[in-house]
Every structure is written in structure tokens, then in C-alpha cells.
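See below for the structure under consideration.
No lab work stands behind these numbers, since they all come straight from the coordinates. Please read these numbers as outputs of a predicted model, since none were measured by experiment. For neighbour counting, all protein chains shown are included, and Cβ atoms are generated from backbone atoms with ideal geometry for every residue, glycine included.
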Amino acid sequence: MKDVFKKPDSFYEFFTRSAAADKEATHYCPGCGHGNLHKLIAEAIDDLAIAHRTVFVSPVGCAVFGYYYFRVGNVQAAHGRAPAVATGIKRALPHSIVISYQGDGDLAAIGANEILQAANRGESITVIFVNNAIYGMTGGQMAPTTLLGMKTTTTPYGRKSINEGYPLRVCELLATLEAPVYIERCTLEDSKTIMRTRKAIRKALEYQVENKGFSLVEVLSPCPTGWKLEPIESRQWITDNMVKVFPPNVYKDKPAEPREELPSPVFERDAVLNALGVTDEVASGSGHAPGDFPTHEVVLSGFGGQGVLLLGQLLAKSGMREGKYVSWLPSYGPEMRGGTANCHVVISSKRIGSPYVAEPNLLVAMNQPSLEKFAARVRPGGVVIYDSSFVKTVALPAHIRGVPIPLSEIANELGNAKVANVVAAGAIIALTGMVGETVFVELLRNLPKKALLEVNLKALAAGRQAAERQIKQPIPAALV
Amino acid sequence: MEMTDHALLPVPPTRPWVDVTSRLCKGCDFCVEACPPRVLGFSTDINERGYRYSFYLGDGCTGCGICFYNCPEPGAIVVWRQPADKKEKKVLS
């Protein structure tokens, strides 16, 4: 039993992070339930002695400024994403105590999927869900939890089920899931229910300390301003209206054995470099790519399945291993199966501003639609390598050099149509030298399908030879 | 009702005591309504933030802490349940 009830130590003494002149009082309206809840949470953090390892994830909503108040680790998440952010923090720092704090507009509307998936994964986090049946911060619009008949700025005649559906019961919904261990709905109507909430918050945090799994405490909380009521009336309004729709109850409490621990993340330098396949020299480089060479901006395009995305990755990775700046930007688009896929690759000795290639100096078109789509964008003096086995009609703009290579036919002759992209790689390397062949071969050796290695190496050589023959051929004057 | 003078607070308090920092009070009236022995008053004037504020009438606090939990403002209410000096005396005797 405490001797003194006073401001918990897990609050800052002065809220110096606030931009307001007032650094002593919270920014909440008179009678707002956030203050009570903050107090209960801070007190529980104090009593469990977990402040040093607690991370508080603030939502979007009135509690967005949680980091003004809580003397713990703080992260402010994008609207609805608090449980996803909390998941990341908890997984990266398994020993941390992560509190995800969200309102009903945040959690039950835009973030409905995040909370559902986090609960379903049984993330060992504590979610505090503040339900005041309204969007408070933005001025009292209808929330998913708004009661039927309740007047808000967006339901001025009252919420009607035929138009806006029914109030969403989050606790009941989540309690149907297998993974959550503790789900309770509390309220802040009066002294008794506040103490009940106090208990629930402590329990939810204790479960996390014991690594039992996912817990959520929903709190019916007054919003006197949004409800246009006096503070005292707003508490009565919870009793008279909210608890009938959102009955306070323990919806789930099955603390299983402590959760099986996920493998601890490793942050040691060597282990990370090893996992990334990066050599020590590259990692400790000065940040400048070796030497000065022209920037290559490439668009690779072809049928889905021809391997243009992988080709782009391999080129970018090769450049990365050589210590160059690289980017790889895949574009799948809302395409049908068998449609065209493309990716943008930039390899440079300078930092890359944008991975988007508006005007490539090299286009690799592995089908007719690709050539038609991108040829006009190629920079004057640029090169277009196209698969002459598929591309039959060629109308290239002036000042662009076309290099026809029967990529797919070569691949078929080698016995595997899938290696057409590697044939293209051979041609690209021979024509541009944007990456070295040695490092590219090294990457081919590391691909998962070892059975394809031999034919891949043959394809690379065939592509190079085909390109070399092209280089020796005189370029038609019209295309120079 | 008279405004409670801050100086009335005996430091350290010799009996259960509630101290409302009037400048932090936003006048929601929760503590006044919730106080079981009804020993909190509500001002007629306003504080520097522009709110009417609650204050201890000066006698009858049991130190239950209910006003503390009802108050939404983290630092506005402090309640001494068991005065520190009493405990010290026990240890000394």
C-alpha cells in the first residue's frame, strides 16, 4: 500500500517536449479519459519497475503527443499502424516492454487490419484501446464504434445501421482468435470502474513481462468535447449508453506457458555483413564508389516469367559488390498474368537521387510491347537491346542504336528458355561494361538452383558473343 | 467558499491529507463528485488557466486516494495516505 498518491515517476516532471507555453498540464480537455489512463499506465510502469525497457507507441489522435508525457522510450506511429510498429520494436528488442496505445478511429478503422494481424500473431505486446465512440481530435466525426443513433458531424441525423453499419465490437472480435491471451473491456465511468481499469492495465503489462503473449485492454473513455457534454455528464453517458453496446467484461484470459521465444535478432557487424554477403572492404568503404564512371540508367522489360526482375537484381547486386551505388526498382503494375513486367536499375559512382528511370540510356526489351512502351523514352545516343526472336517490328527513334539479339532462340538452343535473361546479361555486360563479368558469374554461382549453373554460364557467354558480333557490325547510318 | 491557502498544508503532513495544485486543475469536478467523505470544494473564481478548480476543505481526508485516480491531470492531486512522520515515529519508538 502506498503512503503517497502522487504523479508517477514515469511521467516527465515538466513536459518540455510540448511546443505550448504550458509545460505542466497535459494538452487534454477537461474531463478527458486519456489523462486518467496515462496515469494508470505510468503508475503500473513505476510499480513493475519497467520504465527503463518500456517503449510507448503513440497513435494518431489526441494521444499523438504521448512522448510529451511518458518518461520511457517513445515512438509515434502513422495512423493505424501502432501494432505493426510495436511488432517491429518487440521483435528487434525482445526484452523491451511495448505498449501500443490507440483510439477507436485509429485502431478500429484505418488500423483494423494491423490490430487483427498483430493479435492473430500473438505478438507479445500490450495494446491499450481507448474507445470514445468518436473521432475526437479531428472534431467529432463518426468512428466505427459510434453508437446507433449517435449524432456526429458526419452523421448529423444519427448513425443508421442501413447507412453506416453497426458499432464495431473489437474485444468480441479479437477474442475469437486463437493467439491473444488477455482481452478485457473496462470503462472510466466512476471510481470503481477506474480501479477495475487500473487492475486490467497492470495485468496486461504483467503478462508481457512474463512473455505470455498478446493482451488488449479496451477502455470506454469520456470525450466531453466530442460528445458536447460536461465532464460529469460524459461519465454518466458511458453508463447510460456505451456499456449497453460495449459490455465491460473479460473476453479472454488464458495465460498459456510463456511464449516460445523467437530467435534473438543479431546486430553484430560481422554477422550482418555475412548475412548480406558484403565484404568487409565494401562495408568499411568511404562511401564513394571506386573510380569515376558514367552512370547507367537502365530499363529492363519483358513478359512476366522471362526473368527481367531477377536480371535487374543481379545487375544491381553485381554493382553493389563492386562498391558502386545501385538501385533496383521493380514495377509489377496491375498487369494480367503473362503481361509485361519491368524494372529500373541505376548503377553509378555517385549517390542515386531517385531509383526511377525516366530516360534510360539502355533499354532491354524482351518482347514487342516493351519496345513499344519504352523506346520513345530512351535518351538520344542510348542503346536498345531487343529480343529479335519476339520483336519483329522495329521503329526506333533517330539517334538510338538498336541491338537485335535473338535472346530466346539462343536460350532455347542451350536447352532452357528460362535463361534468356542471362543471355541478355551477357550482352549488357559486353556492350556497356556497367558491371564486371567476374562478379556477375560469382552471383550466378550463388543462385539457389545449382542445376541451372552450367546452362547459365553458357548463356552468359553466348550473350556476350552475340553482342560482340553486333559491335563489329557497322551500325546503319540512319541509326547513329 | 474560501480559497484554500497552499500554506495550510502541513509539511510533512501529520494526518491524511489531499493537496490540489489549483493552477493545474481544469475544473472537471470528478474529484469533488467522487470524494467519499465529501471534503473537496469547487471554487467560484477561476485559476490562471481559466478554469474553476477544486480544493481541500482542510479537514476530514481519509487518504483513500480516490480523488487521485479520478483526476485526469497527472500532477494536480497529491494524497498522503499515511503521513511520513507518523511512520518515522513508529520506527524510532
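Remark: the protein assembly as shown is approximated by an ellipsoid whose semi-axes, taken from the C-alpha gyration tensor as √(5λ), come to 66, 26, 22 Å, largest first. For the stretch A:346-480, the dipole from Cβ point charges (+1 on Lys and Arg, -1 on Asp and Glu) about the Cα centre works out to 240 debye, to the nearest 20. Computed from Cα positions, the angle between helix A:420-432 and the longest principal axis of chain A comes to roughly 70 degrees. The residue list A:PHE293, A:SER318, A:HIS399 was ranked by how far each Cα lies along the charge dipole of the stretch A:286-479 toward its positive end, using unit charges on Cβ atoms, and A:SER318 comes out on top.
Any of A:LYS2/A:LYS212; A:LYS324/A:LYS418; A:LYS418/A:LYS472; A:LYS6/B:LYS26 with alpha carbons more than 21 Å apart? Name them for me. Checking Cα-Cα distances, A:LYS2/A:LYS212; A:LYS324/A:LYS418; A:LYS418/A:LYS472 exceed 21 Å.
A Cβ-based charge dipole, computed about the Cα centre of the protein assembly as shown with Lys and Arg at +1 and Asp and Glu at -1, lands at about 640 debye. Quick one: plug the Kirkwood hydrodynamic radius of the stretch A:33-253 (C-alpha pairs) into Stokes-Einstein at 4 °C, 1.567 mPa s, and report D in µm²/s. This corresponds to a translational diffusion coefficient of 76 µm²/s. Across the options A:ASN74, A:LEU452, A:TYR101, the greatest Cα extent toward the positive end of the charge dipole of the protein assembly as shown (unit charges at beta carbon of Lys, Arg, Asp, Glu) belongs to A:LEU452. Model label sites at A:ALA179 and A:LYS373, defined 7 Å from Cα along the beta-carbon direction, differ in position by 3.6 nm.
Scanning residues 5 or more positions from A:TYR251 or on other chains, those with amide H under 5 Å from its amide H are A:ILE183, A:GLU184, A:ARG185, with H placed 1.01 Å from N in the peptide plane. I'd like the orientation of helix A:453-472 relative to chain A: the angle between its Cα long axis and the longest Cα principal axis, in ° from 0 to 90, rounded to 10. The angle comes out near 60 degrees.
Relative contact order of chain A, taken over Cα pairs closer than 8 Å and 6 or more residues apart, is 9 percent. Neighbour counting of Cβ atoms within 10 Å sorts the residues A:TYR166, A:TYR386, fewest neighbours leading, into A:TYR166, A:TYR386.
Legend: translational diffusion of the stretch A:1-155 by Stokes-Einstein, Rh = Kirkwood radius over C-alpha pairs, 20 °C, 1.002 mPa s; D = 132 µm²/s. Taken over the Cα atoms of the stretch A:219-259, the convex hull encloses 99 Å³ per residue.
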